[in-house]
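*Asks:* Quick one: structure below, then a few questions.
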Amino acid sequence: MRTRVITSTLAGAALIAATLPTTAHAGTATGRSSTAVSYSVVISGTVSGRSFRRSATLVLRSTVTRVTTNGTNPVDVCLKSGFPAGVPQVGAIWYGSNSACFGGTAALDMAYVRTSGNTATVSPDSRISASGSNNFTATGTLTSCVYFPTEGGASYTFRNDGTVSGRISIRGFGGYPCGYSTYTANLSGRR
C-alpha cells in the first residue's frame with residue numbers, strides 16, 4: 001500500500017514538474033532551487049462573510065526544503081495577494097507551502113503537499129501555523145485581525161496550456177479577541 005502511495009505521489013509530482021522550466025539552477029545547502037513558474041491569477045470568494053475579488057501571484061516551484069518534520073514536498077506552491085500583516089485588506093492572503101515563498105531565509109516547510117496528476121493540494125501544518133508566514137485578513141482597517149491557517153487547504157490544477165485553476169478553503173485563528181475566520185475562494189489565471 002505504501003509503495004503505491006509513494007509511486008502515485010512521484011508520478012503526480014513528475015506531471016506537475018513538467019510545467020517547470022527545463023533548466024534548473026543548482027540549489028544551496030538547504031536544497032533550494034530557483035526553478036519556478038509564475039502565474040497571474042484572480043481570486044474571488046468570501047472571508048468572514050465578506051466578498052472579495054483580488055489579483056494575486058501563484059508560483060509553482062521545485063522543492064525548496066528537503067529537511068522537514070512533515071514530509072518533503074514534491075513541489076512547493078506559493079500564493080500571494082497583498083500584504084495582509086502590514087496592509088490589511090478584505091481577502092489579502094499569503095499562503096505558501098514554504099516560508100521561502102515570502103522571502104523567508106529559514107525556508108521552513110509550512111504545509112503538507114500532495115500531488116495527483118496535474119493537481120497539487122496544500123494543507124497547513126497547524127503545528128507551525130503560529131510562525132505567521134501564512135496569513136490572511138478579513139477587513140481593511142488598522143485594527144484588522146491577522147489569521148493564521150490551521151485547517152483546510154487549497155487545490156491547484158496546472159494545465160499544459162499555461163493556465164491554472166484552484167479552490168481555497170481554509171480556517172484560520174487570529175488569537176484573542178479575533179477567534180477564527182473562514183476563507184473560501186476560487187482562483188484562475190495563466191502564466
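Any read-out appearing in this document is the output of simple, stated calculations on the displayed coordinates, not a laboratory observation. As the structure is a computational prediction, the values presented were derived from the model and not from experiment. All Cβ positions, glycine included, derive from the backbone under ideal geometry; neighbour counts span all protein chains shown.
*Asks:* So if each residue of separation counts as 0.36 nm, and I subtract the Cα-Cα distance between Thr72 and Thr184, what length gain in nm does that give?
*Replies:* Between Thr72 and Thr184, full extension yields an extra 37.7 nm.
*Asks:* Sticking with this structure for a sec: Based on the Cβ-Cβ distance of Val87 and Ser165, what FRET efficiency does E = 1/(1 + (r/R0)^6) give at R0 = 35 Å, to the nearest 0.05?
*Replies:* 0.80
*Asks:* Residue separation times 0.36 nm, minus the C-alpha to C-alpha distance between Thr119 and Thr105: what's the value?
*Replies:* Going from the current span to full extension adds 2.3 nm.
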